[in-house]
Structures are given as C-alpha cells and as structure tokens.
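Visitor: Below you'll find the structure I mean.
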Amino acid sequence: MSAGVELDGVTVRFGNFTAVNNANLNIKGGEFFSFLGPSGCGKTTILRTVSGFLDPSAGHVRIGGQDMAGIGPNKRPTALIFQNLALFPLMSVADNITYGLRVRGLSRADRDKRATELLELIALPGQGQKLVSELSGGQKQRVAIARALAVEPQVLLLDEPLSALDLKLRQHMRNELRAIQQRVGITFIYITHDQGEALTMSDRIAVMSDGVIEQVADGKSVYDSPETAFVASFVGENNPFPGKVASASGDSAIIETPFGKLRGLNPKKLKAGDNAILFVRPESLKLGKGPDGSTFATPVLNAAFEGNMTHVFMKGAGKKNITVTVGRHGGTAIPASGENGTVHYDPALGLVLPEGKMARE
Amino acid sequence: MSSRALAFLVPAIVILAFWLMSRWEARQGHDPTHKSFFERNGTVLGIAFVGLVAFWTLFLVTLPYLYMVVESFHPRLPPAKRGGPEDIATIAQYTSFFVNPTDGAWNTTHMYAFVYTIVVSAAVTFINLCICYPLAYYMAQSGTTQKVRLLMLGLIVPYWVNEILRAFSIRLLLASKGLINQGLMGIGITDAPIDFLGNNTGMWVGLSYANLLIMIFPLYNAIESLDKNQIEAARDLGAPWWKIHRDVVIPYAKPGIASGCTMVFMLAAGSLAAPLFLGGPRTLWFTSIVYDFFFQAFNWPRGSAYAFILLAACIAFVMFMLRLFKVKLGEAIR
Ligand SMILES: Nc1ncnc2c1ncn2[C@@H]1O[C@H](COP(=O)(O)OP(=O)(O)OP(=O)(O)O)[C@@H](O)[C@H]1O
Ligand SMILES: [Mg+2]
C-alpha cells in the first residue's frame, strides 16, 4: 500500500536559523518524488521532518491524509534510508533486513521466510548469513533498501543513498531503484544533489535552495521551463545574460544586455524596465549569424573537444564564460582563440526570468 | 641506606628526571613534523629513557611480584632462621586459607570473607554499570556539548581529592549525626538515625563511588563512537528505546562494558579504604585481611599467599565472565 505525503506550510528552524521555509507540497501515493538542491539547502531536514526525527517549527506533515504531529519515527508508516546507510555492523545481512520485523515480534521462521524473499528481490539470494562488512558498496546499498522495505512502509525515504558509490554502480543502481519502486508500488521520496539522478528517476522534482522550494515539476519541465533564475542556473548548464527588459509583447520580451538587445520567451510576464536575466542553454546556442535580436558577437577563449561534441568557451559579460556546445558535424567552423565569434539562437529557446539568486558555480 | 628508603627514593628520582627532561624538551620548542623516538630525543637521552622505563618495570613492578611469589612458598620464620634448615619450600601458606594451621578446622572466617569480597565486588560492579551506562549514553549521544562538559567536570573534580579523604567525607555524610540522617529526621522520615555505616550502606556507596569514573570512561568511549544514524535507523524501523539499547547500543558497547567491568571489579576487590572506613565493625573484607597479615602480623608469606589467592580468583572470575558474554580479552583491555 502506498500513501501520499503532504507538507502544509512546513517550516523548520534551528535556533534563529531557518533550514526549511514554508514548504508546501503534495506528493501523490506511488510517486517517485525527488528533492534536488545544493549541499546544505535543507533536503535532509525535510526528510527527517517527514520521518519524524524532527518536529516542524510550524506547519503540518500529513501522511495518507493523517496529521503526523506527535507521532514518533517508530510509529510512522515511513522507512528511511540514511545517507551513510547505517546498517548494523554486528548483525548478519539477514538479521539486518529483518530487524524491523524482529522488533514487531515476528517469529524466527517468519523472519527467515521474509528474508529469503527480500534477498531475492534485491538479487542477493543465499547471502543472508554474510556479515555486512563482507559486502560490496552496491550490495550494502541494496541491503539497506531491503531492510527498509521489510517493514512494508507506505513511504520510502531515501537520503542520497547512491552518493558513496562510483559512477558505474550509481548508474546501475538508478535503474535498479526505479525498477524496485515500480515493483513494490510505494511512494519514494528521494533526495539528491545530483541532477542526473533526479532527472532520470523521478516522476516529479522539487528544486530547493536555501530552505525554499523553488519549483515543483516533472524533469522535462524543470529543465525546459525553469521558473526562477536559481532553477535555470542549477539544473543543467545555462548561459545567463543579465540586463533590463527593454520591451515586452505577447509571450516574448526583449532585454538590453551587454551584448545588445536580445529576445526570449517571457513566461513571468515581466514589464519594460524590470531587472531580468536571459538564459540560453549551451546546446541552444549556434555559431554563425542569425536574425537580429538573437545574434551577438564575443571573443572566443578556447574550445574543449569531448568526442561527440565540442564546448566552445567565449568571453561573457561578467566572470562567467559563455559556453556554446557544437555537435560533431556542426556546420560553421570554430573560430581560433582570440578571434571574435558570432553566435545566434532560436528566440523560442531563450528564457527571460526575473533577476534572482543564482546557483553557485 | 635501607632498602625500603631506596624503594621510595628511586621512583621520586625517576619522576623528577622525566619532569626535567620534559621541561627541557618544551624549551627546545617542538617540531610539527613527527619524528621517531630516538630522533626526537637524541641517542643518549633515548637510551636513558628506555633504560629508565625498563628499570621501572623490572625493578619496581616485576621483581617485587616475583619476590612475593617466592615469599608465599616459604614458612614464616624470624629473620635469624631464614635460609636455615627450617626454610623449606611449602604450600602451607596456601592451605592455611582452607584449613586453620592452629586447630586443623576449616578456616571459615577467611573463606567467608573471601566469598563475601568477591560477591560484593561483583555486585558493586553491576551497580556501577547500571549507574554509569545511562550517564555515559547521555554524555556520548544525547547531551549538548555544554551540559556534557559540566557533567564531566562534576564527575572528575571529586577525584582530585585523595581516596581516603573522600571515604571520610562519605562517612561524615552518612554518620548518625551526619547530614543525611539529620535531613531524614528533619523531614520526619525516621525518628532515630539510621546506622548507614554499621549496615554496610556506607561501604556500598563508597565502593561504587570510588570506581564511578573507571566505569564511565570506557563506556563513554565505546558509545561515543557509535554512529547516531544506527540508533535512528533502529528507531525508524520501529524499535522502542529499550530494544534499541538491547540490540544496537549494548552489543556495540560490549568491549567497553567488559573493560569497565573488569577494572571496577578488580579495583573493588582490591580496595581497602571504603570497607575499612565505611564498612560495619563486623565486616571482614579480604583485602583488609591481606593488609593485616603484612602490616599487623608481619606474616609476609601468608599475606603473599592470600594476595595471590585473591588475584587468581579475580582473574578466573573475569575470564569466566568474558567467556560468558563472548568478549575477547584483547577487546576488553583495549
Ligand atoms: N541539528 C541542527 N542544528 C543546527 N543546524 C542544522 C542542524 N541540522 C541541519 N542544520 C543546518 O540546516 C541546513 C540544512 O541542512 P541539511 O542537512 O538539511 O542539508 P542538506 O540539503 O541535506 O545538505 P547535504 O546535501 O550536504 O546533505 C544546513 O545549513 C545545516 O547547517
Ligand atoms: Mg543531507
């Protein structure tokens, strides 16, 4: 069975410091939901609030429609997978997996039966008698998942469980996690600061920054239609062109930047005179001349050949360089370092957003 | 110079020498890069250090013990007869523990005192464990830094006072005109003062209190290194607090518990001040008997034999308990 999780104005303070500020969310039952944000933005804090280790300073957490105030972590229908897994080193793999059943008073025989099933599920059959220290990183990972699933939670909470693994294993475990989630059908709330993880696995993503939820949407929307400067700069690579809105008409706007007047979509309905940032992704920028209002020129600094593509770094207005990603068989030749390069883009792929906090590089 | 004066003088000289050398080294300024022992101290000083430590362990620790072993297998003789024809190897000192040499009856007094000492020490160890485990857990896992520091200070400061003075201060508290009896009578719980010292309450309190720190620190060390997430993981999986302790904290802290218990048991069984000053008049503590053989009866052979009986029994008891709780000796003395 799965249950939805509702955050209703949840605020968590540590002394004067606000770690989570007025979070409002409705996570549906059976959803794979991710929190994505840089280190220290309050992701773990939210998860600990949902699992009951922290009480919100204000607001309510509801699981399956029921208010969780005053209900301890051992009484909630959630199971948490810790950032460092926190397996019990003195217990065997099978004892780890069935610990939650043991404290519920299940008999040895029932526990053994369940352990066998779960070891099957995580593809570690017959390894129940091993010690945790005898497992590889990915196997420990799976044992932690099995231990959490054993208590049949309605919501599984995962705190960056893949961060300790190497890249290959991480990619493998992504698929594995997604498959397990679809098999057991319960709500997964997944925390990560790795956008690749969030984008590939999740049904929906909440992007967080400094305790504030900036945007909640599916992966494609977060990438294609970011709503704030932070989301635009944090998710994927992006080139910011700060300036002032010169004119706005229909759903597009023209913004006065150090590279001249440039055009982009205006989803936030900014008006002339507003401070704004135009974002154009590196893969949307093309070398060569295009129509006026979406063409500019700036010196080429250097180029990095990456096999299937080449990143061309060009001088930006501020400290940050402009990156242009050129495909393997792109038309225009890349100008030599130091020469002026001309760049254009499709104005439908430029995005004018209100000025705001940007992600740290 | 008498040999006894030498035994007191030599440690004093060694300590003074160490202190002077440490001062000298501090004056040289210390090098941040770590160097080997001899590099740091120079060959001459290094050899001197090693020599002194070797001297210490050999002459001041090992040899006296060996001397006592030898002594315990001798009959008790006046100095003039030592080495004479009557000075033969004998186990009479050991058998005298079981059978009285004077009348051939069972030596029930000493055997009773022996069992009493072991049982009380074991009980004191258990009481200390029960007191210290929650304290150590609080200090290691849930207390704020400030409160933990305060608590630690409160625990340590009384130990700056000499053991005998501490025993006497407890005696003052528990005496029939002491603070506690006055208080109890003041609020009307009792009419007459309770004889805390005569009924051995004082001895129990003294023995427990004297070994509190020795129990707390190994426990604290063990629990402190336990990952908080493991406690939370158990809680998240539905375990109530006592199951968390039973399944996660105590198994993890077992080596610390074992080493704390071992030390407290050994020290309690060997302690002299608390039973002497805080015990009832009829309480016979085995260590006091040993002490009396040495310094009252001047019967060193029998005193040595008794000391070794106690030592052997304590070691056997500790080994048995370690075996029972499946702790390796190496873990316990870590
Ligand atoms: N117990 C606490 N007391 C005081 N401040 C805390 C406490 N726990 C967290 N914080 C603060 O709250 C903020 C958010 O912490 P949190 O652990 O939720 O970050 P996170 O998003 O999980 O980061 P990471 O990706 O590094 O794990 C941090 O600035 C942290 O310093
Ligand atoms: Mg975290």
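Visitor: In this structure, is A:L158 within 16 Å of ligand 1 (Cβ to nearest atom) and within 13 Å of chain B (Cβ to nearest Cβ)? I'd like the intermediate steps shown before the answer.
Guide: On the way: within 16 Å of ligand 1 (Cβ to nearest atom): yes; within 13 Å of chain B (Cβ to nearest Cβ): yes.
It is true that A:L158 is within 16 Å of ligand 1 (Cβ to nearest atom) and within 13 Å of chain B (Cβ to nearest Cβ).
Visitor: Let me ask you something else. For a quick check of your reading: which helices (runs of 4 or more DSSP H) sit entirely within region A:147-224 and have at least 1 residues that are within 16 Å of ligand 2 (Cβ to nearest atom)?
Guide: Working: elements: A:167-184, A:195-201, A:219-224.
Qualifying helices (runs of 4 or more DSSP H): A:195-201.
Visitor: Any residue in region A:13-38 that's more than 15 Å from ligand 1 (Cβ to nearest atom): show its pairings with residues that are open to solvent by 90 Å² or more (accessible area, probe 1.4 Å) at Cβ separation under 9 Å, as long as the two are six or more apart or on different chains.
Guide: Matching pairs, first to second residue: A:G29/A:M1; A:F32/A:Q182.
Visitor: Considering (1) without any contact (Cβ under 8 Å) to a residue 24 or more places away in the chain; (2) surrounded by 16 or more Cβ atoms within 10 Å (Cβ to Cβ); (3) within 14 Å of chain A (Cβ to nearest Cβ), say which one B:G303 fails and leave the rest.
Guide: (3)
Visitor: Looking at (1) modelled with pLDDT of 90 or more; (2) within 24 Å of the chain's Cα centre (by Cα), which is the one condition that is false for A:L119?
Guide: It is condition (2) that A:L119 fails.
Visitor: Now for a separate question. Name the helices (runs of 4 or more DSSP H) wholly inside region B:210-281 in which the number of residues that are within 12 Å of another protein chain (Cβ to nearest Cβ) is 1 or more. Even if it seems obvious, please write down each step before you answer.
Guide: Working: elements: B:212-224, B:228-236, B:241-244, B:250-269, B:273-278.
Fully inside region B:210-281 and qualifying: B:228-236, B:241-244, B:250-269.
Visitor: Still on this structure, I have one more. Kindly evaluate A:N24 against the criterion of being more than 16 Å from ligand 2 (Cβ to nearest atom), within 26 Å of A:Q195 (Cβ to Cβ) and open to solvent by 10 Å² or more (accessible area, probe 1.4 Å).
Guide: Details: more than 16 Å from ligand 2 (Cβ to nearest atom): yes; within 26 Å of A:Q195 (Cβ to Cβ): yes; open to solvent by 10 Å² or more (accessible area, probe 1.4 Å): yes.
Yes: the conditions hold for A:N24.
Visitor: What number of residues within region B:76-94 are touching a helix residue (DSSP H, G or I) at 6+ places or on another chain (Cβ under 9 Å) and either open to solvent by 50 Å² or more (accessible area, probe 1.4 Å) or outside any loop (DSSP other than H, G, I, E, B) (or both)?
Guide: 5
Visitor: Please determine, by comparing only the residues of region A:61-97 that are away from chain B (no Cβ under 14 Å) and either among the basic types (K, R) or open to solvent by 30 Å² or more (accessible area, probe 1.4 Å) (or both), which one is nearest to A:A3 (Cα to Cα).
Guide: A:G64
Visitor: Next question. If you check A:V184 against the conditions, is it of a type outside the set (D, E, K, R) and modelled with pLDDT of 90 or more?
Guide: Numbers: of a type outside the set (D, E, K, R): yes; modelled with pLDDT of 90 or more: no.
When the stated conditions are applied, A:V184 does not pass them.
Visitor: Within region A:346-361, can one find any residue that is farther than 16 Å from A:L265 by Cβ, open to solvent by 40 Å² or more (accessible area, probe 1.4 Å) and of a type in the set (G, A, S)?
Guide: First pass over region A:346-361, keeping only residues farther than 16 Å from A:L265 by Cβ: A:355-361.
Right, trim to open to solvent by 40 Å² or more (accessible area, probe 1.4 Å) and you get A:355, A:357-358, A:360-361.
Adding the requirement that they be of a type in the set (G, A, S) leaves none.
There is no residue in region A:346-361 that is farther than 16 Å from A:L265 by Cβ, open to solvent by 40 Å² or more (accessible area, probe 1.4 Å) and of a type in the set (G, A, S).
Visitor: Filter region A:39-53 down to the residues that are within 8 Å of ligand 1 (Cβ to nearest atom) and among the aliphatic types (A, V, I, L, M), then identify the one that is nearest to A:R174 (Cα to Cα). Break it down stepwise before answering.
Guide: To start, the set of residues in region A:39-53 that are within 8 Å of ligand 1 (Cβ to nearest atom) comprises A:39-48.
Still in the list and also among the aliphatic types (A, V, I, L, M): A:46-47.
Working: A:I46: 22, A:L47: 20 Å.
The qualifying residue nearest to A:R174 (Cα to Cα) is A:L47.
Visitor: Next question. Might you check whether a residue that is within 16 Å of ligand 2 (Cβ to nearest atom), within 14 Å of chain B (Cβ to nearest Cβ) and open to solvent by 50 Å² or more (accessible area, probe 1.4 Å) occurs anywhere in region A:46-60? Break it down into steps so the answer makes sense when it comes.
Guide: Step one: of region A:46-60, the residues within 16 Å of ligand 2 (Cβ to nearest atom) are A:46-51, A:53-54.
Filter once more, so that each one left must be within 14 Å of chain B (Cβ to nearest Cβ): A:47-51, A:53-54.
This time we only want the ones that are open to solvent by 50 Å² or more (accessible area, probe 1.4 Å), so: A:48.
Yes: region A:46-60 contains one or more residues that are within 16 Å of ligand 2 (Cβ to nearest atom), within 14 Å of chain B (Cβ to nearest Cβ) and open to solvent by 50 Å² or more (accessible area, probe 1.4 Å).
Every residue, every condition in (1) closer than 30 Å to A:E152 by Cβ; (2) acidic (D, E); (3) crowded, with 21+ Cβ neighbours inside 10 Å, yes or no:
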site	(1), (2), (3)
B:Y220	no, no, yes
B:K228	yes, no, no
B:I231	yes, no, yes
B:P255	no, no, no
B:A258	no, no, yes
B:P275	no, no, yes
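Visitor: Just one of A:G138, A:G126 is of a type in the set (G, A, S) and open to solvent by 20 Å² or more (accessible area, probe 1.4 Å); which is it? Give the steps one after another, and end with the answer.
Guide: Details: A:G138 fails: open to solvent by 20 Å² or more (accessible area, probe 1.4 Å).
Of A:G138, A:G126, the one residue that is of a type in the set (G, A, S) and open to solvent by 20 Å² or more (accessible area, probe 1.4 Å) is A:G126.
Visitor: Next question, about the same structure. Answer with yes or no whether A:L80 is under 17 Å from A:V103 (Cβ atoms), under 23 Å from the mean Cα position of the chain (by Cα) and within 13 Å of ligand 2 (Cβ to nearest atom). Let's see the steps before the verdict.
Guide: Values: under 17 Å from A:V103 (Cβ atoms): yes; under 23 Å from the mean Cα position of the chain (by Cα): yes; within 13 Å of ligand 2 (Cβ to nearest atom): yes.
It is true that A:L80 is under 17 Å from A:V103 (Cβ atoms), under 23 Å from the mean Cα position of the chain (by Cα) and within 13 Å of ligand 2 (Cβ to nearest atom).
Visitor: Sticking with this structure for a sec: Give just the number: which of (1) in a loop (DSSP other than H, G, I, E, B); (2) open to solvent by less than 10 Å² (accessible area, probe 1.4 Å) does B:G198 not satisfy?
Guide: The one condition B:G198 does not meet is (2).
Visitor: Only one of (1) open to solvent by 30 Å² or more (accessible area, probe 1.4 Å); (2) closer than 25 Å to B:V290 by Cα; (3) touching a residue at least 12 places away in the same chain (Cβ under 8 Å) is not met by B:S176, so which one is it?
Guide: (2)
Visitor: So A:S34 fits all but one of (1) open to solvent by less than 10 Å² (accessible area, probe 1.4 Å); (2) of a type outside the set (A, V, I, L, M, F, W, C); (3) more than 16 Å from ligand 2 (Cβ to nearest atom); what number is the exception?
Guide: The number of the failed condition is (3).
Visitor: If I ask for residues that are touching a Ser or Thr at 6+ places or on another chain (Cβ under 8 Å) and open to solvent by 30 Å² or more (accessible area, probe 1.4 Å), which ones from region A:305-326 would you list? Don't jump to the end; show me each part of the working.
Guide: Looking only at region A:305-326, we keep the residues that are touching a Ser or Thr at 6+ places or on another chain (Cβ under 8 Å), and these are A:309-317, A:322, A:325-326.
Passing the criteria: A:M309, A:H311, A:F313, A:K315, A:A317.
The values are calculated or read from the model by the stated rules, or taken from the named source; none is laboratory data. A quick note: this is a predicted structure, and the numbers were derived from the prediction, not measured. Here Cβ is always computed from backbone atoms with ideal geometry, including for glycine, and neighbour counts include all displayed protein chains. Side chains are part of the model used for accessible areas, which takes the heavy atoms of the whole protein and leaves out ligands, DNA and RNA. Shrake-Rupley method; radii C 1.70, N 1.55, O 1.52, S 1.80 Å.
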